[in-house]
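The values are calculated or read from the model by the stated rules, or taken from the named source; none is laboratory data. This is a predicted model, so every value here is computed, not measured. Every residue, glycine among them, receives a Cβ derived from its backbone with ideal geometry; neighbour counts consider all protein chains shown.
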Amino acid sequence: MTGSSSQARIGWIGLGVMGAPMCGHLLDAGYSVTVNTRTRATAEPLLNRGAVWADTPAEVAESAGVIFAIVGFPADVREVFLGAHGALAGAAAGAVLIDMTTSEPQLEVEIAEAAAAKGIAALDAPVSGGDAGARNATLSIMVGGDAATLERVRPLLEILGKTIVHQGPAGAGQHAKMVNQILIASTMVGVCEALLYAYKAGLDLDTVLEAVASGAAGSWSLSNYTPRMLAGDFEPGFAVDHFIKDMGIALDEARRMRLSVPGLALAEQLYVALSAEGYGRKGTQSLVLALARLSDIDWAEVTASA
């Protein structure tokens with residue numbers, strides 16, 4: 001992907017909150033892109049910008065040298081790569097498959113092995129940075145797979161993110177993403193509890209957040225999600241049910257490694273409770289609503305005081 005690579009055809013599968021803007025960056029960079037997603041209407045904005053529709057992931061792969069996917073759950077990953085009409089069925093020898101979904105490490109190993117049997121390379125490259133990172137092309141990309149293959153496609157990844165780090169063999173990118181999600185899980189609990197504490201203590205929320213955000217307590221979640229919480233904006237940059245999926249993968253891997261992760265387990269249970277209340281498709285910042293209810297706090301009153 002060097003030199004006249006902007007003339008190469010790219011395949012893209014999955015046009016959700018993250019996938020649509022990421023695919024759009026490749027179009028803006030001059031690449032020809034063939035797309036597939038669950039509902040064609042979702043693809044219309046990109047089709048209007050020059051993307052070409054394909055009915056199946058296999059058809060996407062038939063005309064592309066590099067095929068990206070960012071879908072929802074491991075079952076979706078398996079289907080779009082390994083299914084009867086998956087990308088591997090349509091890809092030619094020499095192609096590269098790049099899974100940017102957060103998924104199971106062992107599934108990425110399975111995809112890489114199946115791809116290698118056909119002379120195709122595969123990378124797992126999950127991302128961190130949320131919807132804002134996808135829109136602004138500032139994502140952190142954690143890559144598992146062959147290092148030489150990564151260098152072949154690095155120019156493409158550099159269009160999507162600012163930090164691209166090779167983590168090791170197939171599956172290592174997903175393990176790195178689990179590290180990321182474990183860090184976020186407990187941090188989100190702390191952010192929500194801190195906001196509720198500040199409210200009950202009678203502090204001005206903007207003032208106290210200004211004081212702590214630039215100190216040792218500062219975090220990406222504090223800076224990016226707190227304004228949404230205080231504005232009553234719980235639309236998904238990253239959906240609760242997807243985060244529950246990620247935490248479940250991390251817990252399964254931790255059990256396999258005989259690793260105790262009580263903080264992660266607590267966060268997962270709080271998010272499961274939040275989903276049960278009907279917030280599964282809302283953003284992860286809506287955790288504050290569940291924690292507020294535990295203390296009989298009306299979040300509408302908090303936002304009114306902010």
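Laid out as a table, the results:
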| quantity | calculated |
| --- | --- |
| So Glu59, is it in the same structural domain as Glu151 (by TED's automatic domain parsing) and either part of a strand (DSSP E or B) or more than 21 Å from Met142 (Cα to Cα) (or both) | yes |
| Segment 83-132, residues that are within 15 Å of the chain's Cα centre (by Cα) and not aliphatic (A, V, I, L, M) | Asp99, Thr101, Thr102, Ser103, Glu104, Pro105, Asp124, Pro126, Ser128, Gly129, Gly130, Asp131 |
| Subset of segment 183-213 that is of a type in the set (Ser, Thr, Tyr) and either in contact with a helix residue (DSSP H, G or I) (Cβ under 7 Å, 6 or more places away or on another chain) or more than 18 Å from Ala290 (Cβ to Cβ) (or both) - its residue that is surrounded by the most Cβ atoms within 10 Å (Cβ to Cβ) | Tyr199 |
| Qualifying residue in segment 132-148 (condition: touching a Phe, Trp or Tyr at 6+ places or on another chain (Cβ under 9 Å), buried (at least 17 other Cβ atoms within 10 Å of the Cβ) and among the hydroxyl-bearing types (Ser, Thr, Tyr)) | no |
| Qualifying helices (runs of 4 or more DSSP H) (wholly inside segment 98-184; at least 1 residues being among the β-branched types (Val, Ile, Thr) and more than 18 Å from Ala87 (Cα to Cα)) | 147-160 |
| Residue match in segment 214-223 (condition: buried (at least 18 other Cβ atoms within 10 Å of the Cβ), touching a residue at least 24 places away in the same chain (Cβ under 8 Å) and not in a loop (DSSP other than H, G, I, E, B)) | yes |
| Test: residue in segment 46-54 that is in a helix (DSSP H, G or I), in contact with a Leu (Cβ under 8 Å, 6 or more places away or on another chain) and among the basic types (Lys, Arg) | no |
